[in-house]
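The values are calculated or read from the model by the stated rules, or taken from the named source; none is laboratory data. In this text the structure is predicted, and so the values were computed from the model without any measurement. Note that each Cβ is placed from the backbone with ideal geometry, even for glycine, and that neighbours are counted across all protein chains shown. SASA here: full protein model, heavy atoms, side chains in, ligands and nucleic acids out. Shrake-Rupley method; radii C 1.70, N 1.55, O 1.52, S 1.80 Å.
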Amino acid sequence: MAGLLTEEELLRELRVLYANHPLQFAKLITKYYKGPRARMVLDTLKTWPR
């Protein structure tokens, strides 16, 4: 399993991507997670510490 990101590293990378490209990232999340789940993922990324 060498080379895989830990959960914390993955969340940090997602947060950076969201911060740099919020509209494109929001569209992607909405495409793959429908309805309330997409909103929950995006809300989590907005509030995640930098």
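Rounded to the nearest 10 degrees, the angle from helix 7-20 to the longest Cα principal axis of the chain is 50 degrees.
Average 1/r across all pairs of distinct alpha carbons in the chain, invert it, and you get the Kirkwood radius: 11.5 Å. Surface exposure of the range 1-43, expressed per residue as accessible area with a 1.4 Å probe, stands at 86 Å². Taking the accessible area of the chain, probe 1.4 Å, and keeping the other protein chains in place, the carbon and sulfur fraction comes to 62%. Using R0 = 25 Å, the C-beta based FRET efficiency linking Arg37 and Val16 works out to 0.70.
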